[in-house]
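Below: the structure, in structure tokens.
The values are calculated or read from the model by the stated rules, or taken from the named source; none is laboratory data. Keep in mind that what you see is a predicted model, and the values were worked out from it rather than measured. Positions of Cβ are generated from backbone atoms using ideal geometry, with glycine treated the same way; all protein chains shown enter the neighbour counts.
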Amino acid sequence: MCVPGFRSSSNQDRFITNDGTVCIENVNANCHLDNVCIAANINKTLTKIRSIKEPVALLQEVYRNSVTDLS
């Protein structure tokens, strides 16, 4: 079974481990039009980043690793 917010690639509720089925995120294409959907995504994101002990340092590292010359 996939965790909440995800569904199996075969659209089956249950599947056998290692049968090639993967869990993919349920995407709501109109989420930007729905306040409940927006709030749910914000809460999901906050839950994921709360465990980061030094978020500023992590963001600085991401920035340093993503800055490249465009020339």
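Here is the figure for region 6-58: residues that are on the phi > 0 side of the Ramachandran plot and touching a residue at least 24 places away in the same chain (Cβ under 8 Å) total 0. In the set (1) surrounded by fewer than 10 Cβ atoms within 10 Å (Cβ to Cβ); (2) touching a residue at least 12 places away in the same chain (Cβ under 8 Å); (3) in a helix (DSSP H, G or I); (4) not aromatic (Phe, Trp, Tyr), VAL3 fails one condition alone, (3). Restricting ASN28, ASN65, ASN18, ASN43 to those that are modelled with pLDDT under 85, in a helix (DSSP H, G or I) and either surrounded by 11 or more Cβ atoms within 10 Å (Cβ to Cβ) or of a type in the set (S, T, N, Q) (or both) reduces the list to ASN65.
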